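Notes follow the structure.
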Amino acid sequence: MDQGVIRTFKAYYRRQLVQHIITNSNHAYSADDVVVTALDAVCWIDFA
């Protein structure tokens with residue numbers, strides 16, 4: 001059961017990360033311009 005929870009959490013977190021990158025890539029000139037803050041990560045963890 002724990003493996004399913006971890007797998008689901010990772011999938012949700014990665015989906016949020018990719019969505020964040022796509023959303024913010026319009027304003028970025030390079031990969032370094034896309035910033036993930038600690039607050040973003042904590043919010044994604046909370047929603048997962």
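The values are calculated or read from the model by the stated rules, or taken from the named source; none is laboratory data. Since the structure is predicted, the reported quantities are computational estimates derived from the model, not experimental observations. Every residue, glycine among them, receives a Cβ derived from its backbone with ideal geometry; neighbour counts consider all protein chains shown.
At a glance:
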item	result
Residues of region 8-45 classified as modelled with pLDDT under 85 and of a type in the set (D, E, K, R), total	2
So Gln3, is it without any contact (Cβ under 8 Å) to a residue 24 or more places away in the chain, exposed (fewer than 10 other Cβ atoms within 10 Å of the Cβ) and part of a helix (DSSP H, G or I)	yes
Residue within region 27-45 that is surrounded by 11 or more Cβ atoms within 10 Å (Cβ to Cβ) and among the hydroxyl-bearing types (Ser, Thr, Tyr) present	no
